Each structure stands twice: as C-alpha cells, then as structure tokens.
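Since the structure comes first, as structure tokens, the remarks are kept for the end.
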Amino acid sequence: MPRTKIVAGNWKMNLDRAKAKDLAAAVAARRGEAAKVELVLCPPALYVETVGSALAGAKSDVRLGAQNMHDKASGAFTGEVAPPMLVDMGCGYVILGHSERRTLFGETDAAVNTKTKAALAAGLVPIVCVGETLEEREAGRTAAVVTAQVTGSLAGLSPGELEKVVVAYEPVWAIGTGKVATPEQAQEVHALVRGLLAGLSSPEVAARVRIQYGGSVKPDNAADLARQPDIDGALVGGASLKADDFLGIAKAFA
Ligand code: PEP
C-alpha cells in the first residue's frame with residue numbers, strides 16, 4: 001500500500017483570529033487541488049476553534065492540529081493545554097518536539113517521548129520532529145544526532161502505535177532560513193530514519209510510517225523533494241501562511 005502523502009502547515013505564533021479564519025477558508029475552498037494529499041493546519045492553540053469552525057463550515061476534510069501540548073490529561077499545570085482538550089476541540093494531530101520547542105523551551109527526547117505516548121493515548125497523531133543543527137552537520141554528526149532523537153523520542157512504542165506516528169525530518173539550519181536541504185541530503189536522512197523505525201519495530205511497520213521533510217519548503221522546491229522515495233510530505237512553516245504557497249506545495253505531493 002503506498003503511503004498517503006501528508007502536508008501540514010505549522011502557523012507558529014502568527015496571524016490573528018480573522019486572518020486565521022480566512023486562511024483556513026481559503027485552503028478549504030481549494031483543497032481539491034491536492035485531493036489525494038492529507039492536509040493538516042496547525043494554528044496557534046487559541047485559534048484552533050476558529051480554524052476548526054471554518055473547516056467544518058466549508059465541509060472540508062482538511063484536518064486540524066496543534067503545535068504542542070502537555071503530557072498530562074489534566075491537573076495543576078498553569079498555562080498548559082492537555083491532549084484530551086485538543087481532541088475535544090477537533091484536533092487530530094499534534095506537532096511534538098519541534099526544534100523551536102527543543103531549543104527555546106528545553107524539550108528533551110525523553111520529554112518528547114512522554115508527549116508522544118500521551119498523544120497516542122488520547123487518539124492524536126503525533127508529528128514528531130527531529131533534525132540536526134548546522135554545527136552538527138558540519139561536524140559529520142547528522143546521523144548520530146538524528147539516530148538519538150528518533151530512538152529517544154519514539155522509544156517504547158508498540159508497532160501499532162509506531163505506525164500511527166508521523167516523523168518530520170527538519171534540519172534546523174533549513175528552518176526559516178530559506179536554505180532548503182537538497183533532495184539527496186533529505187532522502188539520505190529519510191532513509192536513515194526509516195531504517196531506525198524498522199529497528200524499533202519491523203521493516204513492514206517502518207514501510208507504513210510517513211516521514212515528512214521540513215525546512216524552507218516552497219512551491220518551487222517541493223516537487224524535487226516529493227520525487228524522493230522516502231519523503232512522504234512536508235511540514236511547512238512560513239509558506240503555510242499563504243494559501244497559494246501551501247496548496248502549491250501540497251500539489252507537488254499529489
Ligand atoms: C517549521 O518550522 O516547521 C518549518 C519547516 O519552517 P519553514 O518552512 O518556515 O522553514
């Protein structure tokens with residue numbers, strides 16, 4: 001069975017409520033341009049309801065996701081959002097371990113692992129991000145870093161859980177910089193990740209896991225990435241803030 005391609009937009013801490021609603025409506029209206037691709041919008045948590053309503057109003061199958069969550073289902077965690085709350089609001093996906101969370105908020109592989117298990121327990125599809133810094137790449141440590149992140153973040157998952165996970169390979173040096181990895185650089189790491197997933201479960205399970213590339217994906221570089229055998233979609237930051245660009249990328253994976 002070929003893997004269904006998945007393109008997700010990480011809106012980060014951008015837009016306002018009106019713009020979030022308009023962008024969701026614009027993506028929903030043109031969703032047919034990439035009909036076979038699973039599309040996910042990940043707005044700021046506060047706008048999840050607005051975006052969810054816009055998508056529901058358009059009777060769209062564009063899916064809703066969050067950018068982060070706490071690992072506990074409820075409790076005294078001021079300012080946090082619980083996995084069941086995301087489900088309650090219509091989210092089906094959650095981005096975990098994004099490099100900004102790892103770097104700016106100190107998230108470790110162990111923390112990402114706990115969150116991944118919590119997301120799966122709540123019925124969310126975790127989009128688990130991994131990727132090396134420029135310094136690590138230049139020191140020849142890409143494989144070691146990505147191996148530690150994948151095995152650490154996905155440790156202890158059953159095969160059934162693992163096949164629900166989406167992995168996003170996002171080289172940190174490519175995020176928001178305009179410097180995209182070459183298709184060959186990306187494919188090399190994607191193949192490594194798939195091998196690691198096979199080691200964590202089996203080649204059959206690994207063959208079913210979607211691995212997205214992220215890092216300055218734009219409509220004009222998406223097609224070359226999409227041609228690589230182990231690149232199953234994209235996690236898109238900046239370009240997801242414009243419906244034209246987001247759909248242009250999605251079309252490349254259609
Ligand atoms: C991201 O933050 O996940 C990302 C890939 O950003 P950008 O597309 O802007 O590089």
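The values are calculated or read from the model by the stated rules, or taken from the named source; none is laboratory data. Just so it is clear, the structure is predicted and the values come from calculations on it, not from any experiment. FYI the Cβ positions are ideal-geometry reconstructions off the backbone, even for glycines, and counts take in every protein chain you see.
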* Could we say that ARG101 is within 18 Å of the chain's Cα centre (by Cα) and basic (Lys, Arg) here? -> yes
* Given the structure, is THR142 surrounded by fewer than 19 Cβ atoms within 10 Å (Cβ to Cβ), more than 14 Å from the ligand (Cβ to nearest atom) and of a type in the set (Ser, Thr, Tyr)? -> no
* Structure fact -> Checked the range 44-61 for anything surrounded by fewer than 18 Cβ atoms within 10 Å (Cβ to Cβ) and closer than 30 Å to PRO2 by Cα; matches are ALA56, ALA58, LYS59, ASP61
* Have a look at ILE249, ILE231 and point out the one that is within 16 Å of the ligand (Cβ to nearest atom), within 25 Å of ALA26 (Cα to Cα) and at pLDDT 95 or above. => ILE249
* What is the residue count in the range 211-236 for residues that are more than 19 Å from ALA143 (Cα to Cα) and surrounded by fewer than 22 Cβ atoms within 10 Å (Cβ to Cβ)? -> 8
* Asked: Filtering the range 126-142 down to residues that are of a type in the set (A, V, I, L, M, F, W, C) and under 12 Å from TYR169 (Cα atoms), which residue is farthest from the chain's Cα centre (by Cα)?
  -> VAL130
* Taking VAL165 as the residue in question, decide whether it is away from the ligand (no atom under 15 Å from the Cβ), within 18 Å of the chain's Cα centre (by Cα) and crowded, with 21+ Cβ neighbours inside 10 Å. => yes
* Asked: How about the range 134-213: which helices (runs of 4 or more DSSP H) wholly inside it have at least 3 residues that are of a type outside the set (S, T, N, Q) and within 28 Å of ALA118 (Cβ to Cβ)?
  -> 142-153, 159-162, 183-200, 203-206
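Yes or no, residue by residue, for (1) farther than 16 Å from ALA226 by Cβ; (2) buried (at least 22 other Cβ atoms within 10 Å of the Cβ); (3) away from the ligand (no atom under 14 Å from the Cβ); (4) over 19 Å from the mean Cα position of the chain (by Cα):
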site	(1), (2), (3), (4)
TRP173	yes, no, no, no
GLY178	yes, no, no, no
ALA191	no, no, yes, no
LEU196	yes, no, yes, no
* Checking ASP244 against (1) part of a helix (DSSP H, G or I); (2) surrounded by fewer than 21 Cβ atoms within 10 Å (Cβ to Cβ); (3) more than 16 Å from the ligand (Cβ to nearest atom), which single condition isn't satisfied? -> (3)
* Structure fact -> Of the conditions (1) free of Cβ contacts under 8 Å to residues at least 12 places away in the same chain; (2) within 20 Å of ALA254 (Cβ to Cβ), the single one that ASP16 does not satisfy is (2)
* Structure fact -> The one condition ALA73 fails out of (1) in a helix (DSSP H, G or I); (2) in contact with a helix residue (DSSP H, G or I) (Cβ under 6 Å, 6 or more places away or on another chain); (3) surrounded by fewer than 16 Cβ atoms within 10 Å (Cβ to Cβ) is (1)
* Can you name every residue in the range 1-43 that is surrounded by fewer than 19 Cβ atoms within 10 Å (Cβ to Cβ) and under 16 Å from the mean Cα position of the chain (by Cα)? -> ARG3, THR4, LYS12, MET13
* Asked: Of the residues that make up the range 94-101, is at least one away from the ligand (no atom under 14 Å from the Cβ) and modelled with pLDDT of 95 or more?
  -> no
* To do: Quick one: GLU107 ticks every box in (1) more than 16 Å from the ligand (Cβ to nearest atom); (2) crowded, with 17+ Cβ neighbours inside 10 Å; (3) in a loop (DSSP other than H, G, I, E, B) except a single one, so which number is it?
  => (1)
* Which listed residue is of a type outside the set (D, E, K, R) and more than 14 Å from the ligand (Cβ to nearest atom), from ALA207, ALA222, ALA186 -> ALA207
* Quick one: SER158 ticks every box in (1) within 17 Å of VAL125 (Cβ to Cβ); (2) within 16 Å of the ligand (Cβ to nearest atom) bar one, so which box is it? -> (2)
